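Throughout, read-outs are computed from the coordinates displayed, never taken from laboratory work. This is a predicted model, so every value here is computed, not measured. Every residue, glycine as well, gets a Cβ built from its backbone with ideal geometry; the counts of neighbours run over all protein chains shown.
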């Protein structure tokens, strides 16, 4: 049996900010203010995913387009 050294797929929530207030959404449900990672932290993390050769990265949020760096 082959054991992978890194995940095949990663699902990322880039922000907790959102311009909607959907009742079914877990991000809004928590209603607690959280600090997003800054751009440099995300770039470093994406670099690590690349080094690990992660095959698929899914980006979500909140609403990722609420970030000024997207």
Length gained when the stretch residue 42-residue 20 is fully extended (0.36 nm per residue, less Cα-Cα span): 5.6 nm
Rough spin-label spacing in nm, given labels placed 7 Å along Cα→Cβ, for residue 63 and residue 1: 4.5
Shape box of the chain [Cα atoms, principal axes, largest first, Å]: 44, 29, 17
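What number, rounded to the nearest 500 deg cm²/dmol, is the helix-based mean residue ellipticity at 222 nm of the chain, given -39500 (n - 2.57) per DSSP H run of at least four residues and division by all its residues? Mind showing how you got there, number by number?
Details: 2 runs with 19 residues, N = 70.
When only DSSP H runs of four or more count, the value is -8000 deg cm²/dmol.
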